[in-house]
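Trainee: Once you've had a glance at the structure underneath, I'll fire off some questions.
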Amino acid sequence: MDQLNPIIEGNKATILWKGKSAPHVIDDIHFWDDAPQKMKRIEKGLWAYSLELPAAAYLEYSFYEPRTKTRVEDPLNSNTVFNGIEHYNHFFYMPDLSPAELAVRRKNVKRGRVTQHVVDTWMLAEGGEREVYLYHPPVSGPVPLLVVYDGTDYLKRAMLNVIVDNLIHEKRIQPIAMAFVQNGDDHRGVEYACSDATIMWLDNIILPLARRKLNLVDVREQRGAYGVLGASFGGLMSMYTGLRMPEIFGKVISQSGVFESEGRDFAAVDLIRAKRSREIKIWMDIGHFDWLLEDNRRLQPILLENGYDVTYREFSGGHNYTCWRDEVWRGLEHLFGM
């Protein structure tokens, strides 16, 4: 089925619904179920919901029946993406934006190898085990390591290994290895809210595994050569990891990071104000439709005022892995560029 929704005219996108009555629309811009938007009847049996968007925007949305509080499939848009929780959202790109070509596997590009491992959760959960995926780049020499929080999502939903394959092939970044570490599901908030238990697990379990299985540069000789990446709470934990372990992780990529909750800053912000570990280099990005936008805008000047090397970017999108997939190459190029 061809995509009929939305109809795009200039910067105006119009989503249609056919029927005697219409559901509401929930989307990135209006914080989803918190603010369902009513559709307008434009003629008998036809309803519309219009919004102005930048020409280079990406938006996810769904139809929502307020009486039953359930989602309704859009029969005019077959493009869907999993939201990472329990639903599939419909999506579209505005005319000046398209999906990241770097996330597409190419025939002439050497592939890095991804291996699966099981490690002890140690400080995180007594007697537990967890999967870790390691990316071995298609080169023989020693390389820096990038630790990726919420690793399975970045690997399977953001196609990060494919993006890195393509960036290495095009000589846009130096070859890097990656450790995709998974979160503790229901315990993710505890593990990623500036957790020293996670720092200890990383230092004593993940890094030794990576050193055994991958050919890595020695951070004793190249201080801060490794990087760390995460989104949302993973973005917060990436920042905290760099601040707590700058001698190892001198490169931080925080996508849509969470830096305060209920009016109270997380510990990473206190460390920034204390001017700790200012030798780290930081990349931050955040979407204009993301509910964490003001939080990230607030943090950027705090970093600059306290002497940190930070590059900050905003784009026209929301809080989702499609946006993080389409943007992550920029941070990788900035921090690992040739």
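Trainee: Suppose the filter is in contact with a helix residue (DSSP H, G or I) (Cβ under 9 Å, 6 or more places away or on another chain) and open to solvent by 40 Å² or more (accessible area, probe 1.4 Å); does K281 pass it?
Mentor: yes
Trainee: While we're here: Among the listed residues D295, D203, D285, D186, which satisfies the condition of being of a type in the set (D, E) and part of a strand (DSSP E or B)?
Mentor: Selected residue: D285, the only one of D295, D203, D285, D186 that is of a type in the set (D, E) and part of a strand (DSSP E or B).
Trainee: Which ones in the stretch 215-245 are touching a Ser or Thr at 6+ places or on another chain (Cβ under 8 Å) and of a type in the set (A, V, I, L, M)?
Mentor: V228, L229, A231, L236, M237, M239, L243
Trainee: Hey, any hits in the stretch 207-217 for a residue that's among the small types (G, A, S), touching a strand residue (DSSP E or B) at 6+ places or on another chain (Cβ under 9 Å) and part of a loop (DSSP other than H, G, I, E, B)?
Mentor: So far as the stretch 207-217 goes, no, none of its residues is among the small types (G, A, S), touching a strand residue (DSSP E or B) at 6+ places or on another chain (Cβ under 9 Å) and part of a loop (DSSP other than H, G, I, E, B).
Trainee: Just for the stretch 150-174: of the residues that are of a type in the set (D, E, K, R) and part of a helix (DSSP H, G or I), which one is farthest from S140 (Cα to Cα)?
Mentor: My answer is D153.
Trainee: Kindly indicate the residue of the stretch 202-214 that is in contact (Cβ under 8 Å) with a residue 12 or more places away in the chain and under 16 Å from Y133 (Cβ atoms) and also surrounded by the most Cβ atoms within 10 Å (Cβ to Cβ) among those meeting that condition.
Mentor: Here the answer is L202.
Trainee: Considering only strands (runs of 3 or more DSSP E) fully contained in the stretch 1-63, which possess at least 1 residues that are at pLDDT 95 or above and open to solvent by 60 Å² or more (accessible area, probe 1.4 Å)?
Mentor: 7-9, 12-18, 40-43, 46-52
Trainee: I'd like the residue in the stretch 255-277 that is assigned to a loop (DSSP other than H, G, I, E, B) and either buried (at least 18 other Cβ atoms within 10 Å of the Cβ) or of a type in the set (V, I, T) (or both) and, out of all such residues, is modelled with the lowest pLDDT.
Mentor: S277
Trainee: So in the stretch 186-198, with the set limited to residues that are touching a residue at least 24 places away in the same chain (Cβ under 8 Å) and open to solvent by 40 Å² or more (accessible area, probe 1.4 Å), which one is farthest from Q116 (Cα to Cα)?
Mentor: D196
Trainee: Can you tell me which residue is farthest from A13 (Cα to Cα) among those in the stretch 75-101 that are among the charged types (D, E, K, R) and part of a loop (DSSP other than H, G, I, E, B)?
Mentor: Ranking the qualifying residues of the stretch 75-101, first place goes to E86.
Trainee: Which residue, of V139, V118, V148, is crowded, with 17+ Cβ neighbours inside 10 Å and among the β-branched types (V, I, T)?
Mentor: After applying the criteria, what remains is V148.
Trainee: Taking V252 as meeting all but one of (1) part of a loop (DSSP other than H, G, I, E, B); (2) open to solvent by less than 10 Å² (accessible area, probe 1.4 Å), write down the number of the exception.
Mentor: (1)
Trainee: Any chance you could count how many residues in the stretch 167-185 are surrounded by fewer than 16 Cβ atoms within 10 Å (Cβ to Cβ) and within 19 Å of the chain's Cα centre (by Cα)?
Mentor: Within the stretch 167-185, residues that are surrounded by fewer than 16 Cβ atoms within 10 Å (Cβ to Cβ) and within 19 Å of the chain's Cα centre (by Cα) number 1.
The values are calculated or read from the model by the stated rules, or taken from the named source; none is laboratory data. Note that the structure is predicted; figures quoted are calculated from it, not measured. Methodologically, a virtual Cβ is constructed for each residue, glycine included, from the backbone with ideal geometry; neighbour enumeration extends over all protein chains shown. What goes into the accessible areas is simple: the full protein's heavy atoms, side chains included, and nothing from ligands, DNA or RNA. Shrake-Rupley method; radii C 1.70, N 1.55, O 1.52, S 1.80 Å.
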